[in-house]
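A short write-up of the structure that comes next.
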Amino acid sequence: MNISIKQLFGRKPKSSSIAKQRLKLVITQDRLDVDDRFMTRLHHELAEVLAKYFEFSVNSVQMSLKQEGNSYVLVADIPYKKFHDANPR
Amino acid sequence: MGKVIVVTSGKGGVGKTTTTANLGTALALLGKTVVVVDADVGLRNLDIVMGLESRVVYTSMDVIDKQCELSKALVKDRRVDGLTLLAASQKNNKDDMQPEEMKAICSKLQTDHDFVLVDSPAGIERGFNNASAGAEEAIVVTTPDVSAIRDADRIIGLLQHAGIEPINLVLNRFSPQLVGNGSMMDQADVLDILNIDLLGIVPEDLGVITSTNRGIPLVYEDTSAGSQAYMRIARRLTGQRIPIPDLEEKGFLSNIVNWFTRNR
């Protein structure tokens, strides 16, 4: 919140906040012992399932792991064009 | 019965040895009995950083090999009462020592010293295992950059797995100017990532270079920012409640933005 307001005043985000963002992601993966291959596989399989219900571009899907307190959260950002029912009744 | 504290970091070059030398000296200046132990077998440096290199006769390896008594291997620092060094062997390597052997040395040392500070080598392998084997507590040293913090996180995981508690953080080479202009993560950022307690912040102090050149730890002169930071950390280790000062230098614009956003 604080950072986004500050960013309105500056042209680009400060390198310290980029460092923090990058570290949080990589450390969460380190702690969970999750590697890039795992994330790519999850990305593909998730996209496969989602494609049954939504029309979207696979490349636009953003996935990341975050730590919130003592638990981990998988965040998937999927901008979709429209909803479609693959199995109409 | 004293405390055995391992000083470690994961990454090399972040200031473990400087921190061990200064905290050991500072604790002795505060009247505590201290032994600093170099656990970096094969790449010893604590002796030269402390200016004691010409007086090392025996090492921990000689004690393990029963070449000499433990008390005889301790090099007395003549500049301050109550401070001794146990040097590492330079001609051996890390596999020549067993974690149990280091543990036995530490438990003997803690019976007649208030503090046993063990300077760990970089890395997560045998050298780290040896250094942390006898430790009850840990000080993790990191600098505010991505590689040091990532490695610190890995080391914290290993220390937690080994049941070492508490694990406290020393944030070293902190630059108030760089934090002020957004080019360096501040203590809140680092603590948010690492999630351990902060023992202290040591500002970047070029005096460390000359003090290392001379073999005289910074804390012998009490004027520099680094020296004062190490003295505060040592006082906290003795149980005194010393607040951590806010070292961040805020620019004019940043102050205005903070003023407008402080309630959000």
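Derivation of every value follows stated rules applied to the coordinates shown; laboratory data play no part. The structure presented is a predicted model; accordingly, all values stated were derived computationally and were not measured. All Cβ positions, glycine included, derive from the backbone under ideal geometry; neighbour counts span all protein chains shown.
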| note | Bridge orientation stat for the protein assembly as shown from DSSP, antiparallel percent rounded to 5, came to 30
| field | Debye, to nearest 20: dipole size of the protein assembly as shown, +1 on Lys, Arg Cβ, -1 on Asp, Glu Cβ | value | 1000
| note | Of the candidates B:Gly180, B:Ser227, B:Val41, the farthest towards the positive dipole end of chain B (Lys/Arg Cβ +1, Asp/Glu Cβ -1, centred on the Cα centre) is B:Ser227
| message | Using a Förster radius of 45 Å, what is the FRET efficiency between B:Lys103 and A:Leu50 based on their Cβ-Cβ separation? Nearest 0.05, please. | response | 0.25
| request: Name the long-range amide H neighbours of B:Arg173: under 5 Å, sequence gap of 5 or more, or other chain; modelled H, no Pro or chain starts. | output: B:Val202, B:Glu204
| What percentages, rounded to whole numbers, describe P(r) for the range B:1-158 computed over all alpha carbon pairs with 5 Å bin width beginning at zero? | 2, 10, 21, 24, 22, 13, 6, 2, 0
| request: Using a 10 angstrom cutoff on alpha carbons, build the Gaussian network for chain B and name the most mobile of B:Gln177, B:Gln187, B:Gln110. | output: B:Gln177
| request: Rounding to the nearest 20 debye, state how big the charge dipole of the range B:152-224 is about its Cα centre with +1 on each Lys and Arg Cβ and -1 on each Asp and Glu Cβ. | output: 260
| field | Above-threshold pairs, the threshold being 29 Å between Cα atoms, out of A:Lys20/B:Lys16; B:Lys11/B:Lys66; A:Lys24/A:Lys52; A:Lys20/A:Lys82; A:Lys14/A:Lys81; B:Lys72/B:Lys94 | value | B:Lys11/B:Lys66; A:Lys24/A:Lys52; A:Lys20/A:Lys82; A:Lys14/A:Lys81
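Compute the FRET efficiency between B:Glu221 and A:Arg37 as 1/(1 + (r/R0)^6), taking r as their Cβ-Cβ distance and R0 = 56 Å, and round to the nearest 0.05.
Efficiency for this residue pair is about 0.60.
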| Selected from B:Ala88, B:Ala104, B:Ala26 as most flexible by GNM, with chain B as the system and alpha-carbon contacts under 10 Å | B:Ala104
| Calculated FRET value between B:Glu204 and B:Thr33, using beta carbons and R₀ = 30 Å, to 0.05 | 0.45
| said: If a paramagnetic tag sat 7 Å from the Cα of B:Gln177 along the Cα-Cβ line, which residues of the range B:206-240 would have the backbone N under 17 Å from that point? | reply: B:206-209, B:225-226
| field | Pairwise Cα inverse-distance average, inverted: Kirkwood Rh of chain B (Å) | value | 18.7
| field | Point-to-point label distance, A:Tyr80-B:Asp112, nm (Cα→Cβ direction, 7 Å offset) | value | 7.4
| For the range A:15-20, what does the Karplus curve 6.51 cos²θ - 1.76 cosθ + 1.60, with θ = phi - 60°, yield as ³J(HN,Hα) per residue in whole Hz, taken in order and with x for Gly and Pro? | 5, 5, 6, 5, 4, 5
| Once amide H atoms are placed 1.01 Å from N in the peptide plane, what residues at a sequence separation of 5 or more from A:Tyr72, or on another chain, have their amide H within under 5 Å of its amide H? | none
| For the range B:160-170, 3J(HN,Hα) per residue [Karplus equation, 6.51 cos²θ - 1.76 cosθ + 1.60, θ = phi - 60°, Hz, x = Gly/Pro] | 5, 4, 7, x, 7, 7, x, 10, 10, 9, 10
| query | At what distance in angstrom do the alpha carbon centres of the range B:186-231 and the range B:117-164 lie from each other? | reply | 18
| task | Name the shape class, rounded, prolate or oblate, that the alpha-carbon gyration tensor gives for the range B:154-238, where a ≥ b ≥ c are the square roots of its eigenvalues, rounded holds for a/c under 1.5, and otherwise prolate holds if a/b is larger than b/c and oblate otherwise. | result | oblate
| Given +1 on the Cβ of Lys and Arg, -1 on the Cβ of Asp and Glu, and no further charges, what dipole in debye does the range A:14-83 carry about its Cα centre, rounded to the nearest 20? | 300
| task | Tell me which residues come under 5 Å, amide H to amide H, from B:Val7 once H is placed; ignore anything under 5 positions away on its chain. | result | B:Val118, B:Asp119, B:Ser120, B:Ile139
| What percent antiparallel are the DSSP beta bridges of the range B:3-261, to the nearest 5? | 5
| remark: the protein assembly as shown: spread of alpha-carbon positions along the three principal axes, whole Å, largest first, is 86, 48, 32
| said: Considering just Cα atoms, how many Å³ per residue does the convex hull of the range A:14-83 enclose? | reply: 113
